[in-house]
Amino acid sequence: AQTVTQSQPEMSVQEAETVTLSCTYDTSENNYYLFWYKQPPSRQMILVIRQEAYKQQNATENRFSVNFQKAAKSFSLKISDSQLGDTAMYFCAFEAGGTSYGKLTFGQGTILTVHP
Amino acid sequence: DVKVTQSSRYLVKRTGEKVFLECVQDMDHENMFWYRQDPGLGLRLIYFSYDVKMKEKGDIPEGYSVSREKKERFSLILESASTNQTSMYLCASSLGQSTYEQYFGPGTRLTVT
């Protein structure tokens, strides 16, 4: 079984600054995928970024990038130039490869508040 | 745009009642999922379905059942609601076997009194 741990229940950042959210996971799988999902207040959860474990290059999506350390089983999310709209709960998630049917294991979540 | 809708945003039920939560997706996705979200615990998978009439237990299936008679609709059933089932319930769908993005509904906040 996989576990995902987000050790920061809450974080805050000033607008335009950079913030990093931490995530660690535990698995015996060699083929897997990692995700960051964002849940804005009273709005639907959406995908922020995805990383394939077999890729050494860290994924980036505009202002969002990850630091994927496979040996350390660490998968942090960096948000650059933070905006007020980035205020949300962020979830790290793990998916085993193969016939997992897309099942995700989520971390506990980190509430991020961006201050003007 | 993919749309996942859930039948209610807020629901209040009494202990012992049978509760139905409905989820509908409009993008012909094979996979559908039911999660519950609780503070400090994140999202936990209750059940998922990878095809019509096919279902598998997730991590916390006790006290729940599901039904998927049509591809677009996935129902979560609480046979006899209990107070410890008070939670936010999220439905999601995705295309294909794995690695695809999951699309989430708005959630149903269920209170069992």
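One table, with the values for the structure above:
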quantity: Per residue accessible area of chain A, 1.4 Å probe, in Å²; calculated: 49
quantity: Kirkwood Rh, angstrom, the protein assembly as shown [1 / mean 1/r, Cα pairs]; calculated: 18.1
quantity: Sequence-separation-based contact order of chain A, relative, with Cα cut under 8 Å and 6+ spacing, percent; calculated: 37
quantity: Globularity ratio of the stretch A:3-115, using Cα Rg and 2.2 N^0.38 Å; calculated: 1.02
quantity: Accessible surface buried upon B-A contact (total; probe 1.4 Å; Å², nearest 100); calculated: 1900
quantity: Gain in span if fully extended, A:Thr113 to A:Asn30, counting 0.36 nm per residue against the direct Cα distance; calculated: 26.4 nm
quantity: Percent carbon-and-sulfur accessible area, the stretch A:3-115, ignoring ligands, DNA and RNA, probe 1.4 Å; calculated: 43
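The values are calculated or read from the model by the stated rules, or taken from the named source; none is laboratory data. Since the structure is predicted, the reported quantities are computational estimates derived from the model, not experimental observations. Keep in mind that these areas ignore ligands, DNA and RNA; they rest on the heavy atoms of the full protein, side chains included. Shrake-Rupley method; radii C 1.70, N 1.55, O 1.52, S 1.80 Å.
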